[in-house]
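Single-structure report; data block below.
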Amino acid sequence: MRLRLPREHPTTPPTGYKIAYPVLSHDGTRAGFTGVSLGGGSPYGVLADARCAYGRRHAAPARRCDCGFHCLHSLTETLGLTCVGAHRRAVVLEVSVLGSYIRYERGMRYARQRVRTVRVGPCACGRAATRFADAGWGRPGWRAVAADCGGCALGHAGWTFGEFGELAGGELALTAEEGAGGRRPDASTVTELMAEAALLQARLDWFQGRLEKAAGRGYRDSAL
């Protein structure tokens, strides 16, 4: 007797999380995303259907293949993926899982998705991003964009989050995560910095006094 996995019939689409790179078409008329591993060469829009990345004719997701969209159940685990050096400039997508899907312990593999929210990390300088700028790389027909604070990539083409959302052609919410450079220091940090500044000033005053004494002694010696 062959056992079958239980079938689910959710009343609302399941929610999942994944990382991706935002991209723009070469003519600047469309926006989308591209994956970080399997299927990374096929950018997708806000609403998209999965295809087999190996060119097979079966519908995704097939049980004997690893095709289809992939996502994780946990937002925290997905955010952790952006700590990997190769994925530092990736964004975090919150998606609605549509169509058929296969559930695993940590996530799902599924046929269709709608991107609802895009979490944009900080600029490479650490400050909160205010726009997307040309990342300097891309796929055939698409160029990747990355988070920018508005000052680090002034010489590159840039798009506001609103402009990117319009080009994506769907109801898309984009939020910028606060960078380390944008956080306000707490009271203890300010006190420590003031104490260090006072100590440095005292050492500078002592050093200046020694220099003045040495300069005065050198003048008297040269006058003899």
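The values are calculated or read from the model by the stated rules, or taken from the named source; none is laboratory data. What you see is a predicted model; the values in this text were computed from it and never measured. Cβ placement follows ideal geometry from the backbone for every residue including glycine, while neighbour counts extend to all protein chains displayed.
For Ala147, the stated conditions do not hold, so it cannot be described as crowded, with 21+ Cβ neighbours inside 10 Å, assigned by TED's automatic domain parsing to the domain that holds Thr76 and touching a His at 6+ places or on another chain (Cβ under 7 Å). Filtering the stretch 74-103 to residues that are among the hydrophobic types (A, V, I, L, M, F, W, C) and assigned to a strand (DSSP E or B) leaves Val91, Val92, Leu93, Val95, Val97, Leu98, Ile102. Here the stretch 144-201 is the region considered, the condition is being out of contact with any Gly (no Cβ under 7 Å at 6 or more places or on another chain) and assigned to a strand (DSSP E or B), and the residue that is modelled with the lowest pLDDT is Gly158. Cys125 falls short on exactly one of the conditions (1) out of contact with any helix residue (DSSP H, G or I) (no Cβ under 6 Å at 6 or more places or on another chain); (2) within 26 Å of Glu166 (Cα to Cα), and that condition is (2). The number of residues in the stretch 141-177 being more than 22 Å from Val115 (Cα to Cα) and touching a residue at least 40 places away in the same chain (Cβ under 8 Å) comes to 0.
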